[in-house]
Amino acid sequence: MNHTKSVILSAIILMLGTISYGGNETPEELAKQYFNALQEEGMTAMGKFMHPDALEELKVMLLEVFETAEAGGGSEIIQKAFGDSASISDIKQMDAQAFFNAFINILTASLGERGLSISFDKLEVLGTVEEDKIRHVLTRVTVGAGETAMTQMEVLSFMPYEDSWRLQLSGKIKGIINAIQARLIKN
């Protein structure tokens with residue numbers, strides 16, 4: 001498998017662990033609804049499934065990446081995501097949902113530039129483990145890019161939120177963002 005495709009597919013599968021949405025559904029049902037939304041709407045469906053605190057946490061982490069890029073003369077990433085006249089102060093004022101949607105648009109555009117079309121092929125819920133208020137849902141996810149597909153086990157940890165369940169950012173996603181930040185600082 002092409003290394004770039006493998007890295008991109010791994011990152012997308014890891015992002016699956018950041019999502020949740022719904023009313024009185026079980027965590028297992030929400031995992032299926034989320035995956036169905038990805039199949040029908042693509043990656044732009046992610047934002048509406050995320051816990052508000054997770055969206056805010058992601059915004060804070062990514063703002064650090066954008067600030068580092070801008071300090072290093074890389075403001076084009078800000079303009080690409082948020083428009084030609086956007087600045088750090090403008091994007092700091094955005095609500096977390098709008099910020100996240102712009103970030104997903106960057107990712108989607110980047111994949112398109114590489115000729116990669118992401119498909120969300122299959123989700124199997126294998127079981128759930130209860131830990132206090134948290135529900136860990138074990139899934140097997142298959143995601144494709146062009147003719148390449150990757151199947152991976154993923155644990156989605158749901159916490160109660162209002163009348164539903166929501167997911168927080170996984171440690172894997174935080175690690176990816178920290179690695180991007182470290183790379184920008186080196187350059």
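Values quoted throughout were computed directly from the atomic coordinates according to the rules given, and no laboratory measurement underlies them. Predicted, not measured: the structure shown is a model, and the values here were computed from it. Glycine also receives a Cβ, built like all others from the backbone with ideal geometry; neighbour counts cover every protein chain displayed.
Brief remarks on what is shown
- Test item: Cα-centred dipole of the range 77-187, Lys/Arg +1 and Asp/Glu -1 on Cβ, debye: 460 debye
- Among 56-64, 172-180, the order from most to least packed when residues are scored by Cβ within 10 Å on average: 56-64, 172-180
- Two-site FRET efficiency, ILE180 against GLU130, from Cβ-Cβ distance with R₀ of 41 Å, rounded to 0.05: 0.75
- Translational diffusion of the range 68-185, µm² s⁻¹ [Kirkwood Rh, Cα pairs; Stokes-Einstein; 4 °C; 1.567 mPa s]: 75 µm²/s
- Relative contact order of the range 3-186, defined on C-alpha pairs under 8 angstrom at six or more residues apart (%): 32 percent
- Cα centroid of the range 45-102 to Cα centroid of the range 103-137, whole Å: 20 Å
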